[in-house]
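The values are calculated or read from the model by the stated rules, or taken from the named source; none is laboratory data. All values derive from a computational prediction rather than experimental measurement. Note: ideal-geometry Cβ built from the backbone for every residue, glycine included; neighbour counts use all protein chains shown.
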Amino acid sequence: MSQKEYWEQVYSTRLAEKLGWYRPHLETSMSWIKELDLDADAPIIDVGGGASTLIDDLLDEGCESLAVLDISDSALANSRKRLGRQADLVMWLSGDITTYALPPNRFELWHDRALLHFLTEAEQQEAYRSNLLNAVKPAGHVIIGVFSHEAPPKCSGLPVQRYDSEQLSNTLGKQFELVRQHKETHITPGDVEQMYLYCQFRRIAN
Ligand SMILES: C[S@@+](CC[C@H](N)C(=O)[O-])C[C@H]1O[C@@H](n2cnc3c(N)ncnc32)[C@H](O)[C@@H]1O
């Protein structure tokens with residue numbers, strides 16, 4: 001089964017609220033994004049956004065230039081349905097982050113909760129990094145949430161790459177400076193504890 005088929009099956013057979021990574025709101029991400037105090041028209045992308053409500057909360061905050069990229073059309077359809085007419089205010093990008101051609105120098109903020117850790121091969125991580133480097137503006141921001149070393153070795157039945165902040169910094173490359181980090185226990189709907197590491201970076205070089 002291809003990655004796309006896997007994720008399509010996940011979202012088309014299970015309720016979003018029952019998925020292991022589900023949270024009613026991504027509180028840490030939202031509070032860090034608010035603190036960035038970006039202009040309302042600052043372009044923001046949520047990669048691997050799935051059916052997450054982050055986009056709803058960003059719309060409520062008045063963000064005007066939002067994009068969500070995901071490999072699963074079912075996940076994007078889920079979010080579009082939930083948002084109703086507001087969905088038209090968002091750019092929905094269907095594709096694989098390791099191959100999708102994002103516009104260069106476009107985004108002031110790149111957000112990713114729980115996509116990167118599924119990229120376990122060095123070539124996939126390099127493709128992610130290269131897309132990030134291409135798409136994030138100079139002095140732009142990056143917020144990434146991944147499984148930390150205390151988390152289980154699998155998420156949603158798939159093996160994951162677990163990180164500390166140094167490893168995550170190395171994956172992103174020297175163009176990105178670590179601004180802050182935070183560890184948070186996520187309790188899945190099935191009552192399993194998963195320790196996430198959130199890191200915020202700033203682009204400091206080309
Ligand atoms: C664990 S879920 C997290 C969803 C969302 N960010 C959240 O926090 O609720 C991982 C998401 O990444 C997407 N995904 C997995 N591999 C991907 C890839 N190579 N390119 C784009 N999206 C991918 C999946 O479809 C899924 O929506």
The stretch 21-38 - residue that is free of Cβ contacts under 8 Å to residues at least 40 places away in the same chain and not in a helix (DSSP H, G or I) and, of those, surrounded by the most Cβ atoms within 10 Å (Cβ to Cβ)
His25
Only residues in the stretch 42-71 that are part of a helix (DSSP H, G or I) count as the first member; pair them with residues that are among the polar types (S, T, N, Q) and more than 7 Å from the ligand (Cβ to nearest atom), Cβ under 7 angstrom, at least 6 apart or cross-chain, and list the lot.
Leu54/Ser29; Ile55/Ser79; Leu59/Gln86
Conditions (1) in a loop (DSSP other than H, G, I, E, B); (2) modelled with pLDDT of 95 or more: number failed by Glu5
(1)
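Which of the residues spanning the stretch 9-21 are over 21 Å from Gln194 (Cβ atoms) and either within 8 Å of the ligand (Cβ to nearest atom) or of a type in the set (Ser, Thr, Tyr) (or both)?
Hits for the stretch 9-21 are Ser12, Thr13.
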The residue from Asp70, Asp46 that alone is buried (at least 22 other Cβ atoms within 10 Å of the Cβ), closer than 23 Å to Ala16 by Cα and in contact with a His (Cβ under 7 Å, 6 or more places away or on another chain) is Asp46
Go over the candidates Ala114, Ala139 one by one and state the one that is surrounded by 15 or more Cβ atoms within 10 Å (Cβ to Cβ), in contact (Cβ under 8 Å) with a residue 60 or more places away in the chain and out of contact with any Leu (no Cβ under 6 Å at 6 or more places or on another chain).
Ala114
If I go through the stretch 98-130 residue by residue, how many of them are acidic (Asp, Glu), more than 9 Å from the ligand (Cβ to nearest atom) and closer than 23 Å to Thr28 by Cα?
1
When the residues of the stretch 73-97 are filtered to those that are acidic (Asp, Glu) and more than 9 Å from the ligand (Cβ to nearest atom), which remaining residue is surrounded by the fewest Cβ atoms within 10 Å (Cβ to Cβ)?
Asp88
